[in-house]
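K.L.:
Structure incoming, see below.
What follows is calculated from the coordinates using simple rules that are stated; it is not laboratory data. Quick caveat: nothing in here was measured; it's all calculated off a predicted structure. Don't worry about glycine lacking a Cβ; one is built from the backbone with ideal geometry, like all the others, and counts go over all protein chains shown.
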Amino acid sequence: MRSGALRRVVVSGTGYSRIARHLDEPIGLLAVEAAQRALDEAGLTVDDVDGLANFPAAGHAGAGSVDGVDHVGTGYLSGALPSRNLRWQASVQPGDFISSMIAGMHAIATGTCEVVLVWRAMHNPRGRRYGQVTGGAAVGEYEFTAPYGVGDAVSRYAMPYSRYLGKYGARREQMATFVVNNRRNAAVNPDAVFYQRPITVEDYLGARMIVEPFSILDCDMPVDGAGAVVLTTEANARSARYPAAHLSGHATLGVAHGIPANTILEDHQQAAAQGAAALWSTTTLTPSDVDSANLYDGFSYFTYLYLEALGFCGEGEAADFIQGGRIAVDGKLPLNTSGGSLGMGRVHGPPQVIESVRQLQGRCGERQIVRPGVILAVTGQPNYCAGYVLLTREPVPPRPRRAEPA
Amino acid sequence: MPIAGASPRRPVPQPDGVSAGYWDAAYDARLAIQRCARCRRWYHPPVLACPPCRSRDLAFENVGGRGTIHQRVVVHHTKLEGFEASTPYSAATIELDEQPGLYVVANLVDCRAGEAEIGQRVRVVFERDDHGVMLPQFAPDEAVS
């Protein structure tokens, strides 16, 4: 595979389904809706798709396992959106939306595929079932946490956030700046579950505690919804409705430490630093080149972690860094301009990736930033194969590879 | 004092071949942690083999039962079956004195939810739950007579 140059890969189409707290349609139909919109934007047909890639895991503990209902994998989509020219598919797990994009990018760069469809669909069942850890035998990662009433998604990340606050003297009042900014952005994003529903600092500080130090406003809201992107070559992107976004740096890495059910701040920091180092090693770009960032915020704390690991500020400085208008749409580093996961709803990677592409295309209306050239998107949690990608308006030469051993 | 509202629907630890030594010791009111006989590193949760030396010569040894609160949460809205009537309750990641980065998770008992702080010294106590399972828990060190 060393012979022949790698091809440059772009995102030429993006699409969301409807996103709401509950929808009557199974998410298999929502994934098709998002995929069809992404293909329409790309100016391509279903038969042009020759590759499928996704992160298939159901979005919460205790979910069922029906493809098309509880999650949407390559099995469901290859049947529901049948392309006569399909010849490659990949499911990435552990992983996240960007991890699966990177699998698709490799398939195109090496010439295996011309057009890869990547999607993520999430389901919020009615009733109390979302994320419920049932009684009975506590096994596996839950053996040492569930008997103590912790280990669910909220408590496993509230733990490291509690240490962050204690170790660096950060305050919840500082996080209010971030969450209020997200909701301000979501309020002008018609795709967001919290469209036209901004909040105030007082709302944030008065919100009901779920697992202290996380209140309900530190946690993204479970939704039914899907997002999809079309990856292809520069040549194939000529049919697209909007200018394509170039993939100009990437990493997918999640070095595991301990058990997923109880994460540790220092482990998160170390794993995120490894992911960030891998990202910057693939590109000539540096943090100072980044015009805006969409950093995963399924729980608010993750954004602090990524701001620091990626080099935007030092360890323990994120809570100060985000103050003073810096992260607003007209600030020096606009952050999570879609509203992030906290504003758009729990659809995992699409609020980060699709927003980055659409900002580069200048399509974001009231939340559009001025002349963006380089946008960073990060999705997932750092111990569980997070994904990092730099999207650019112009192609950026990759960082020269190390010389081959003599 | 156990955290209130214990329910038979709570998750119960299910020991396996690797973890049985931990729960067996707890049943005798001892905190025992898995240790590599070759390099003397401690592991919790227990591992299949010691990653640095790949040894499978691992055994459970008693530890002193003292440590520091590394991380601490207060659960107000639980997703764990059987804990609904117990909220609010505290849980913490305790760093044991034996080795930096050696952590166990437990509830904080003998103090009010939210009272214990990060960095505070704690000591193991044992609590028998409704299933007859002995759970290692941690209490503020000065509260243990």
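K.L.:
Counting every Cα pair in region A:212-356, what percent are over 27 Å apart?
P.N.:
Working: 2667 of 10440 pairs.
Taking all Cα-Cα pairs of region A:212-356, the fraction more than 27 Å apart is 26 percent.
K.L.:
Can you tell me the order of A:212-223, B:104-115, B:35-46 when each peptide is scored by its average per-residue count of other Cβ atoms within 10 angstrom, highest first?
P.N.:
On the way: A:212-223: 21.8, B:104-115: 19.7, B:35-46: 17.5.
The peptides rank, most packed first, as A:212-223, B:104-115, B:35-46.
K.L.:
Let me check against my output: what whole-number percent is the relative contact order of chain A, with C-alpha pairs under 8 Å and at least 6 apart?
P.N.:
Details: 985 pairs, mean separation 94.1, N = 406.
RCO, chain A: 23 percent.
K.L.:
Between B:Ser7 and B:Ala29, what FRET efficiency comes out of the Förster formula 1/(1 + (r/R0)^6) with R0 = 30 Å and r the beta carbon distance, rounded to 0.05? Intermediate results must be reported in sequence, preceding the final value.
P.N.:
Details: r = 23 Å, r/R0 = 0.77.
The pair B:Ala29/B:Ser7 has a calculated efficiency of 0.85.
K.L.:
Now for a separate question. Size of the dipole of region B:41-145 about the Cα centre, Lys and Arg at +1 and Asp and Glu at -1 on the beta carbon, nothing else charged, in debye to 20? Can you show the working numbers first?
P.N.:
Working: 10 positive and 15 negative charges, 73 e Å.
Using Cβ point charges on Lys, Arg, Asp and Glu, region B:41-145 gives about 360 debye.
K.L.:
So for region A:89-133, averaging the separation of alpha carbon pairs under 8 Å that are six or more residues apart and normalising by length, what relative contact order in percent results? Don't jump to the answer; show the numbers that get you there.
P.N.:
Working: 21 pairs, mean separation 12.2, N = 45.
Computed over region A:89-133, the figure is 27 percent.
K.L.:
Related question: Any idea what the relative contact order of region A:319-406 is, in percent, if you count C-alpha pairs under 8 Å spaced at least 6 apart? Don't skip to the answer; put the middle values down first.
P.N.:
Numbers: 92 pairs, mean separation 16.8, N = 88.
Over region A:319-406, the number comes to 19 percent.
K.L.:
Work out the FRET efficiency for B:Glu115 and A:Ser78 from their Cβ-Cβ distance, taking R0 = 51 Å, and round it to the nearest 0.05. Intermediate results must be reported in sequence, preceding the final value.
P.N.:
Numbers: r = 55 Å, r/R0 = 1.07.
Once the sixth-power term is evaluated, E becomes 0.40.
K.L.:
Net charge near A:Thr145, counting Lys/Arg +1 and Asp/Glu -1 over other residues with Cβ under 11 Å of its Cβ?
P.N.:
With Lys, Arg at +1 and Asp, Glu at -1, the neighbours total -2.
K.L.:
Continuing with the same structure: In whole angstrom, how far apart do the alpha carbon centroids of region A:355-395 and region A:254-269 sit?
P.N.:
26 Å
K.L.:
Report the extension gain between A:Arg87 and A:Gln174 in nm, rounded to one decimal, defined as 0.36 nm multiplied by the number of residues separating them, less their alpha carbon distance.
P.N.:
Working: separation 87, 0.36 × 87 = 31.32 nm, distance 4.94 nm.
Stretched fully, the A:Arg87-A:Gln174 segment lengthens by 26.4 nm.
K.L.:
Would you be so kind as to identify which of A:Leu23, A:Gly275, A:Gly51 lies farthest towards the positive end of the dipole of chain A, taking Lys and Arg as +1 and Asp and Glu as -1 on Cβ and the Cα centre as origin?
P.N.:
Working it through, the farthest residue towards the positive pole turns out to be A:Gly51.
K.L.:
Once you have a ≥ b ≥ c as the square roots of the Cα gyration tensor eigenvalues for chain A, tell me rounded if a/c is under 1.5, and otherwise prolate or oblate according to whether a/b is larger than b/c. Please report the intermediate quantities before stating the final value.
P.N.:
Working: a/c = 1.40, a/b = 1.23, b/c = 1.14.
It is rounded, given that a/c, with a ≥ b ≥ c, falls under 1.5.
K.L.:
A further question follows. Label A:Val46 and A:Ala20 with points 7 Å out from Cα along Cα→Cβ: what is the distance between them in nm?
P.N.:
Going by the 7 Å Cα→Cβ label model, 2.5 nm.
K.L.:
For A:Glu141, A:Glu41, what's the fewest-to-most ordering of other Cβ within 10 Å of each Cβ?
P.N.:
Working: A:Glu141 16, A:Glu41 22.
Going from sparsest to densest Cβ surroundings: A:Glu141, A:Glu41.
K.L.:
When you take every Cα atom in region A:44-172, what is the radius of gyration, and what is Dmax, the widest Cα pair distance, in Å?
P.N.:
Calculated on Cα positions, Rg and Dmax stand at 19.1, 58 Å.
K.L.:
Ok, one more. If region A:107-176 were replaced by its equivalent ellipsoid, with semi-axes equal to the square roots of 5 times the Cα gyration tensor eigenvalues, what would those be, largest first, whole Å? Don't skip to the answer; put the middle values down first.
P.N.:
Working: eigenvalues 228, 115, 46 Å².
They are 34, 24, 15 Å, listed from largest to smallest.
K.L.:
So how do B:Phe83, A:Phe55 line up by other beta-carbon neighbours within 10 Å, fewest first?
P.N.:
Details: B:Phe83 25, A:Phe55 28.
Placing the least packed residue first, the sequence is B:Phe83, A:Phe55.
K.L.:
Please find the FRET efficiency linking A:Gln36 to A:Ile216, where r is the Cβ-Cβ separation and R0 is fixed at 45 Å, and quote it to the nearest 0.05.
P.N.:
On the way: r = 34 Å, r/R0 = 0.75.
Step by step, r from the Cβ atoms, then E = 0.85.
K.L.:
Same structure again: Which whole number gives the average count of other chain Cβ atoms within 10 Å of the Cβ atoms across peptide B:62-73?
P.N.:
4
K.L.:
Further question: Could you check how many percent of all C-alpha pairs in region A:275-335 are farther apart than 15 Å? Intermediate results must be reported in sequence, preceding the final value.
P.N.:
Numbers: 925 of 1830 pairs.
Pairs farther apart than 15 Å: 51 percent.
K.L.:
Would you work out the charge dipole size for region A:1-94 about its Cα centre, treating the Cβ of every Lys and Arg as +1 and the Cβ of every Asp and Glu as -1, and quote it to the nearest 20 debye?
P.N.:
Details: 8 positive and 10 negative charges, 97 e Å.
Here the size comes out at about 460 debye.
K.L.:
What percentages make up the Cα-Cα pair-distance distribution of region A:35-119 when the bins are 10 Å wide from 0?
P.N.:
Reading upward from the zero bin: 18, 50, 27, 4.
K.L.:
With every atom except the alpha carbons ignored, what do you get for Rg and Dmax of region B:29-74, in angstroms?
P.N.:
12.5, 39
K.L.:
Have a look at A:Phe321, A:Leu307, A:Pro334 and report the one farthest towards the positive end of the charge dipole of region A:288-366, computed about the Cα centre with Cβ charges (Lys/Arg +1, Asp/Glu -1).
P.N.:
Value computed over the given set: A:Pro334.
K.L.:
Sum up the charges of everything whose Cβ sits under 10 Å from the Cβ of B:Asp141, counting Lys and Arg as +1 and Asp and Glu as -1, but leave B:Asp141 out. Spell out each step's value before the answer.
P.N.:
Details: positive: B:Arg66, B:Arg121, B:Arg123; negative: B:Glu142.
Taking every other residue near B:Asp141 into account, the sum is +2.
K.L.:
Let me ask something else. Calculate the radius of gyration of the Cα atoms of region A:124-214 to one decimal place, then report Dmax, the largest Cα-Cα distance, as a whole number, both in Å.
P.N.:
16.5, 46
K.L.:
For A:131-144, what's the mean count of beta carbons from other chains sitting within 10 Å of each residue's beta carbon?
P.N.:
Mean inter-chain Cβ contacts per residue within 10 Å come to 6.
K.L.:
With 5 Å bins from zero, work out the P(r) of region A:310-391 over every alpha carbon pair and list the percent per bin.
P.N.:
3, 14, 23, 26, 22, 11, 2, 0
K.L.:
Next up: Using a simple spin-label model with points 7 Å from Cα along the Cα→Cβ vector, what separation in nm is obtained for A:Ala256 and B:Cys39?
P.N.:
1.8 nm
K.L.:
Calculate the spin-label point distance for A:Arg208 paired with B:Asp141, positioning each point 7 Å from the Cα along the beta-carbon direction, and give it in nanometres.
P.N.:
Between B:Asp141 and A:Arg208, the simple spin-label model gives 3.9 nm.
K.L.:
State the three equivalent ellipsoid semi-axes of region A:146-275, derived from the C-alpha gyration tensor as the square roots of 5 times its eigenvalues, in descending order and whole Å. Numbers along the way, then the final one.
P.N.:
Working: eigenvalues 205, 110, 43 Å².
Each semi-axis is the square root of five times an eigenvalue, giving 32, 23, 15 Å.
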